[in-house]
Amino acid sequence: MGKAAASNLQTEIVARFMAARRRTRALCEPLTPEDMMVQSCPEASPAKWHLAHTAWFFESFVLREFLPGYRLFNPDFPWLFNSYYQSFSAFPEKRLRASFSRPPLEEILRYRAHVDEAVEQLLAGDPEPEAVKRIELGVNHEEQHQELLLTDILHAFFSNPLRPAYKAGEMEMSAESEALTFFEFEGGLHQIGYAGDGFCFDNELPRHRVWLEPFAFARRLVTCGEFAAFMADGGYNRAELWLSAGWDAVKSNGWRAPLYWSERDGGWSVFTLRGELPLDRLKAAPVSHASYFEADAYARWAGKRLATEFEWEFAAEDVDELKATDGNLLDAGKLMPWPSAELVENQGGAQFFGDCWEWTGSAYLGYPGFKALPGSLGEYNGKFMSGQMVLRGGSCVTPAMHVRSSYRNFFAPETRWQFSGIRLAL
Ligand SMILES: [Fe+2]
């Protein structure tokens, strides 16, 4: 990288760093200190922990290595707020995060301010290019935790018998969805993986060739109304529709509907960040909080399949003038998946980005020649490459700057607490 390019990156990173740090705090504004302590399922973490851990990331991987004379805020925090980096330090069990009543919230906020000041001091000087790259990684890490914070609060509020809304206020949405139609794509040899000169995660590289057979790809996501038809047709009671492990999950968990759907007086309602809403009003909205197993079973019931992650990426790159940032992402402020009819114009007609992460039929593996980042940061993505499926596209709580067509999310196939939805392919 030349000096001018490095200085442009530095200016851009200062702005992104400050904006990301402010936004994390802003997302906590509707929360009480008690809300911020709740860890209601094994996948989730308390909001207070997210606040501390995102500061920990900058302290551990930037400030300690690159800011001469940096003073640790608290000597216990390096191990206390480590999430899973085995080569960095020991760390508490994840399920204990809800017991962190100490340090108090006020101390966590001072920790954040201490780290902010030090990162700004580092950026105001003449930081090594590697330090700037690490700050950029830290900003992307913070954006991931912003999404997790909202995902976790949705579960926390669903688990609360009062079912509070994170954001009050009704929003009108169309009750009608477009008819389901398909894009056709020619097959052939295509390049997959990140090709730009900006930021990407290590798991998006190297770019490499993949052979695709001709395929067709649904223009929109599967809606709540369509998923309700699968349920009404006995979808959860028909073993022939399910993968073996999926059927086991249905039986052992007693699944009858996606997560956050509740049946009362013969009708269904769906819990959202905007509170509990009757299913009738959400019929045209994409179904969310489905596991990979439910997505796969729905696709089989519909006589279709899930796309591979390579088909997804090629399709998203091939749609003209598709801009990731125009989708129903966190910046749109809706905080829930939205009917496609209202998003057609700015999404190439296809809801590629935002609404729900889309389960693909691809197992999460390293691309040919994959190299994890050196040192402890090599644990960021690479060590999770077993037993997980890839999701693409981002959700209604993903920061708009965070996604791109080569972005790979990944979760275990039984996961339902994420905003995860279904797109059909042929
Ligand atoms: Fe993290």
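What the table shows:
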{"quantity": "Protection-proxy order for peptides 180-189, 301-310, 46-55, each taking the mean of Cβ atoms within 10 Å per residue, highest first", "calculated": "46-55, 301-310, 180-189"}
{"quantity": "Rotationally averaged projected area of the stretch 251-296 (alpha carbon convex hull; nm²)", "calculated": "3.9"}
{"quantity": "Between helix 3-27 and the chain: long-axis angle, C-alpha atoms, 0 to 90°, nearest 10", "calculated": "70"}
{"quantity": "Relative counts (whole %) of C-alpha pair distances in the stretch 270-426, using bins that are 5 Å wide", "calculated": "2, 9, 17, 21, 21, 15, 9, 4, 1, 0, 0"}
{"quantity": "Contour minus Cα-Cα distance for Met385 and Ala372 (0.36 nm per residue)", "calculated": "3.6 nm"}
{"quantity": "Neighbour net charge for Arg207 - beta-carbon separation under 15 angstrom, K R +1, D E -1", "calculated": "-2"}
{"quantity": "Degrees, to the nearest 10: 129-159 long Cα axis against longest axis of the chain", "calculated": "50"}
{"quantity": "Per residue accessible area in Å² of the stretch 1-129, where ligands, DNA and RNA are left out and the probe is 1.4 Å", "calculated": "51"}
{"quantity": "Tilt relative to the chain, helix 105-124 - C-alpha long axis, 0 to 90 degrees, to 10", "calculated": "70"}
{"quantity": "Relative contact order of the chain, defined on C-alpha pairs under 8 angstrom at six or more residues apart (%)", "calculated": "18"}
{"quantity": "Net length gained if the chain between Glu117 and Arg102 were fully extended (0.36 nm per residue, minus Cα distance)", "calculated": "3.1 nm"}
{"quantity": "Using a Förster distance of 35 Å, the FRET efficiency for Asp265-Arg23 (Cβ separation, nearest 0.05)", "calculated": "0.30"}
{"quantity": "In Å², nearest 10: area of Cys224 left accessible to a 1.4 Å probe", "calculated": "10"}
{"quantity": "Projected area, mean over directions - the stretch 176-306, Cα convex hull, nm²", "calculated": "11.2"}
{"quantity": "Computed P(r) (all Cα pairs; the chain; 20 Å bins; percent)", "calculated": "25, 58, 16, 0"}
{"quantity": "By average C-beta atoms within 10 angstrom, highest first, the peptides 111-119, 23-31", "calculated": "111-119, 23-31"}
{"quantity": "Residue-normalised accessible area of the stretch 151-213, given per residue in Å² at a 1.4 Å probe", "calculated": "58"}
{"quantity": "Contour minus Cα-Cα distance for Ser252 and Asp331 (0.36 nm per residue)", "calculated": "24.7 nm"}
{"quantity": "Sequence ranges 247-259, 358-370, ranked by mean other-Cβ count within 10 angstrom, highest first", "calculated": "358-370, 247-259"}
{"quantity": "Residue order for Glu414, Glu213 - accessible surface, 1.4 angstrom probe, largest first", "calculated": "Glu213, Glu414"}
{"quantity": "Kirkwood Rh (inverse of mean 1/r, distinct Cα pairs), the stretch 1-106, angstrom", "calculated": "15.7"}
{"quantity": "For the stretch 69-209, convex hull of alpha carbons as volume per residue, Å³", "calculated": "253"}
{"quantity": "Calculated SAXS-style log₁₀ I(q)/I(0) at q = 0.20, 0.23 Å⁻¹ - the stretch 3-61, Debye, Cα scatterers", "calculated": "-0.84, -0.98"}
{"quantity": "In nm, spacing of pseudo-spin labels at Thr11 and Leu426 (7 Å Cα→C-beta vector)", "calculated": "5.0"}
{"quantity": "Distance between the stretch 7-25 and the stretch 252-282 - C-alpha centres, whole angstrom", "calculated": "38"}
{"quantity": "Accessible-area composition of the chain, carbon plus sulfur, in percent [1.4 Å probe]", "calculated": "53"}
{"quantity": "Area of Ser174 that stays accessible when all protein chains are in place (1.4 Å probe, Å², to 10)", "calculated": "30"}
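The values are calculated or read from the model by the stated rules, or taken from the named source; none is laboratory data. Every value quoted in this text rests on a predicted model; they were computed, and no experiment measured them. Counting neighbours? That spans all protein chains shown, and the Cβs are built from the backbone with ideal geometry, glycine included. The area values use the complete protein model at the heavy-atom level, side chains included, leaving out ligands, DNA and RNA. Shrake-Rupley method; radii C 1.70, N 1.55, O 1.52, S 1.80 Å.
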